[in-house]
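The values are calculated or read from the model by the stated rules, or taken from the named source; none is laboratory data. As the structure is a computational prediction, the values presented were derived from the model and not from experiment. Methodologically, a virtual Cβ is constructed for each residue, glycine included, from the backbone with ideal geometry; neighbour enumeration extends over all protein chains shown. When the accessible area is computed, the model is the full protein with side chains, heavy atoms only, and any ligands, DNA or RNA have been set aside. Shrake-Rupley method; radii C 1.70, N 1.55, O 1.52, S 1.80 Å.
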Amino acid sequence: RVTILPHGSLRILNASKSDEGRYLCQGVNVFGSAEIIASVSVKEPTRIELTPKKIELTVGESIVLSCKALHDSTMEVTFYWTLNGQPIDFEKEGGHFESIKAQASSADLMIRNILLMHAGRYGCRVQTAADTVSDETELLVRGPPGPPGVVIVEEITDTTATLSWSPGADNHSPISLYNLQARSPFSLGWQTVKTVPDLISGDMESAMAVELNPWVEYEFRVVATNKIGTGDPSAPSRVIRTNEAVPKTPPANVSGRSGRRHELVIAWEPVSEEFQSGEGFGYIVAFRPNGTRGWKEKMVTSSDASKFIYRDESVPPLTPFEVKVGVYNNKGDGPFSPIVVICSAEGEPTAAPIDVKATSLSVSEILVAWKHIKESLGRPQGFEVGYWKDMQQEEAAEKVKTEGNESSILLTGLEGNTLYHLTVRAYNAAGYGPPSTAVHAATKKSPPSQAPGNIMWIQDGSHVSLGWEPVRPLANESDVMGYKVLFRQEGQSNSQVIETQKTSAVVLLPDVGVYIIEVCAVSEGGDGTASPQIRVPSFSGGKVTSAQSTLHVLSTSSSSVTLLLALMVPSTSW
């Protein structure tokens, strides 16, 4: 049990408490001796228990592993956790792992929201100054299946594709069924497709996708499901195109459209490329007068076409026709749409508006009015007014439209003192009718640019008497027809107006407060430039004494505004 080894070490097997003490090692040779003393303490061995021993969980569940240590009371213990032999890094595991140490001799490992990657051997290692012991437990995680293997397209027809694949990991729960999905340029992402058999059981590794569209590119993938859930899909298959076939989808919403006289306009919704079923796709337009037997057919070779116009001078307006539109491609002719009855066009308006009148209203406005002769055909949907300046050509005319049965329009934004020529014509969906005879109107001259000057006013209580010098317009400006006095209480936006043909006026200020007063000339071309604003206080009732009466003169020039105040008060008031 006790052995001195060749190099001088002392080995004690199966140590017990009786082996405790001080040990002396002495070395001797001809030159002398040396010694060393070692103290030996014998401790109780450490034992641990890790529970539970074997666990089976489902993805998303949580578990606590408990590790308890029985050790010498004089020794401190340290706990370490491992997964498949590697230390667990608690800071890098996304919050799934947490080490909990409630007591000195035990430690717990909390695993939250378990993932498939957390399956494996979990180890608890306990270390003291005297020994190290460890224990392990196995954690099995059940989850949805892994992605199936590569999807192979075995056989293709115009509407089917036979597929095969290899199973993926079942993640400890048997695969119960497979789901086949397809994607094309016309689908919104991946869509489940119909298959044969209808339900693909978990032990199958091939199936046929059916009811596909001919001449369409597809990709396929497979998704596995078990009682835990549905797993990730397989990688997509290679892109394949189904075979060509005769088209089976006719155009939708066949109807008539407005056109010119003697035209039959047939319109439809184009068939999507998804349903064209092959190359060389086009339309067959068939029509016949209502009540006749033979069909007249026309080929439309553009797959994007949505309209066909048939013109025949012998066809009266609003003649009813039976119409149907079919489809074809290189594989043959497909079906026709249901028969609908549409009428030939009634044509554009044929009569020009009459009694056209143009009236100048201001410097920038002309009112245009007209009458229209009612027609049984070519009924107007509105009217178009064209207008151009005297020095311009009619081709440069600006145009504005009305809708419905309106018989007048106000043209705005025109130049002042300018002669305009104007025409009116009716229009509908088929086109425009003939224009009326041109009429003429000149916009008014511009209003006077000079503001009323040298305004004088005297206030008697709530009455303000105003006077000003007359405005003299320039040669290219409208004559003065009178004046406007605008007044409003300070802080208000709406003004009251007094009109007069004189150069004076009396304003009643009804309420207490400060009033803003302006004066401007009135002309055929509109209101002229306003005078500078006058601020006048309104007194609160009662007869105003001479001490309250004040004469004011507002003298204006091109460069300044001067306010002169003359107080009309007796000296005894000071």
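Below, the figures for the structure above:
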item: Carbon and sulfur %, accessible surface of the chain computed with the full protein complex present, 1.4 Å; result: 51
item: Cα centroid of region 9-34 to Cα centroid of region 36-81, whole Å; result: 33
item: Eligible aspartates and glutamates near K502 by straight Cα distance, threshold 12 Å, same-chain separation 8 or greater; result: E469
item: Stretch gain in nm, segment L177-D460, where the contour uses 0.36 nm per residue and the Cα spacing is subtracted; result: 91.7 nm
item: Charge dipole of region 47-142 about the Cα centre (unit charges at C-beta), most positive-ward option of C67, H96, L139; result: L139
item: Net length gained if the chain between A429 and T350 were fully extended (0.36 nm per residue, minus Cα distance); result: 27.1 nm
item: Length-normalised contact order of region 354-443 in % [C-alpha pairs under 8 Å, at least 6 apart]; result: 36
item: DSSP-defined antiparallel bridges as percent of all bridges, the chain, nearest 5; result: 95
item: Loop-resident sites, region 356-452, for GluC sites (Glu not before Pro), counting at most 13 other Cβ within 10 Å (DSSP); result: E403, E406, E415
item: Cβ-based net charge around V239, under 14 Å, with every Lys or Arg adding one and every Asp or Glu removing one; result: +2
item: Accessible area expressed per residue, the chain, with surrounding protein chains retained (probe 1.4 Å, Å²); result: 56
item: log₁₀ of I(q)/I(0) at q = 0.05, 0.09, 0.12 Å⁻¹ - the chain, Debye sum with one point per alpha carbon; result: -0.70, -0.94, -1.21
item: Potential extension, L70-D527 segment - 0.36 nm per residue separation minus Cα distance; result: 153.8 nm
item: Computed over the chain: relative contact order in percent, which uses C-alpha pairs under 8 Å that are six or more apart; result: 7
item: Region 444-497 versus region 397-428: alpha-carbon centroid distance in Å; result: 34
item: Whole-number percent relative contact order across region 252-344, with pairs defined as alpha carbons under 8 Å at least 6 apart; result: 35
